[in-house]
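The values are calculated or read from the model by the stated rules, or taken from the named source; none is laboratory data. Computed from a predicted model, the values in this text were never measured in an experiment. Virtual Cβ from ideal backbone geometry, glycine too; neighbours counted across all protein chains shown. Accessible surface areas use protein heavy atoms only, side chains included; no ligands, DNA or RNA. Shrake-Rupley method; radii C 1.70, N 1.55, O 1.52, S 1.80 Å.
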Amino acid sequence: MPAAEKEAVTLEPWMAWIGLSTLLVVVSVAVFSVWDRAHLSDLETVNAPTAVGDAHYVRIPAGAAGPIGLKFQGRQIDMISETKFLDAKLIHVAEDDSGVYSLYQPEDQTQGFPKDRYFMKVKPDDYIEVKQE
């Protein structure tokens, strides 16, 4: 009888499947993580249509009302009045012809606000009401 017999280590088939399945899950997560990181800018785009964060301020004309020197759809923009609004309550609807200044309308249109009237930002929470000439 041999003095020391070595036992052979055998791998059961179900153990091999568990190991292979675990390896596939880890590789899948790694591949998805790399793909997700590469497409981060496409996946996490924020669209904020309100006036919050808009730093393009319009200068108020010298008089209480009148043209402000900008055009919208080829027509001169006239100031009607100054008003206060919360930035979050105005929705971006258009830009002037230069593409620099934004035109806003109230988020809640149930107040019967005329469709040809807009607001332009003078400073945070301060606006001028404007219309086309």
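Test Asp36 against the stated conditions and say whether it is loosely packed, with under 10 Cβ neighbours inside 10 Å and in a helix (DSSP H, G or I). Taking the combined requirement at face value, the residue does not satisfy it. Checked against the criterion of being modelled with pLDDT of 75 or more and within 24 Å of the chain's Cα centre (by Cα), segment 4-23 contains not a single residue that satisfies it. In segment 111-127, of all residues being touching a Phe, Trp or Tyr at 6+ places or on another chain (Cβ under 7 Å) and farther than 16 Å from Ile91 by Cβ, the one that is least open to solvent (accessible area, probe 1.4 Å) corresponds to Val122.
Taking Val27 as the residue in question, decide whether it is open to solvent by 50 Å² or more (accessible area, probe 1.4 Å) and modelled with pLDDT of 85 or more. When the stated conditions are applied, Val27 passes them. Among the residues making up segment 89-110, those that are out of contact with any Leu (no Cβ under 9 Å at 6 or more places or on another chain) and open to solvent by 60 Å² or more (accessible area, probe 1.4 Å) are Lys89, Asp108, Gln109, Thr110.
Would a scan of segment 92-105 turn up a residue that is among the acidic types (Asp, Glu) and either in a loop (DSSP other than H, G, I, E, B) or at pLDDT below 85 (or both)? Spell out how you get there, then give the answer.
Looking only at segment 92-105, we keep the residues that are among the acidic types (Asp, Glu), and these are 95-97.
Pick out the ones that are also either in a loop (DSSP other than H, G, I, E, B) or at pLDDT below 85 (or both) and you get 96-97.
Checked against the condition, which is being among the acidic types (Asp, Glu) and either in a loop (DSSP other than H, G, I, E, B) or at pLDDT below 85 (or both), segment 92-105 yields at least one hit.
Among the residues in segment 50-71, are any under 25 Å from Ser102 (Cβ atoms) and among the acidic types (Asp, Glu)? Walk me through it before giving the result.
At the first step, the residues of segment 50-71 found to be under 25 Å from Ser102 (Cβ atoms) are 50-71.
With the extra rule that they be among the acidic types (Asp, Glu), the set shrinks to 54.
Looking for residues that are under 25 Å from Ser102 (Cβ atoms) and among the acidic types (Asp, Glu), one finds at least one in segment 50-71, hence yes.
Residues in segment 41-81 that are among the acidic types (Asp, Glu), open to solvent by less than 30 Å² (accessible area, probe 1.4 Å) and either outside any loop (DSSP other than H, G, I, E, B) or without any contact (Cβ under 8 Å) to a residue 60 or more places away in the chain (or both): 1 in all. Which ones in segment 59-103 are more than 29 Å from the chain's Cα centre (by Cα), on the phi < 0 side of the Ramachandran plot and small (Gly, Ala, Ser)? Of everything in segment 59-103, those that are more than 29 Å from the chain's Cα centre (by Cα), on the phi < 0 side of the Ramachandran plot and small (Gly, Ala, Ser) turn out to be Ala62, Gly63, Ala64, Ala65, Ser81.
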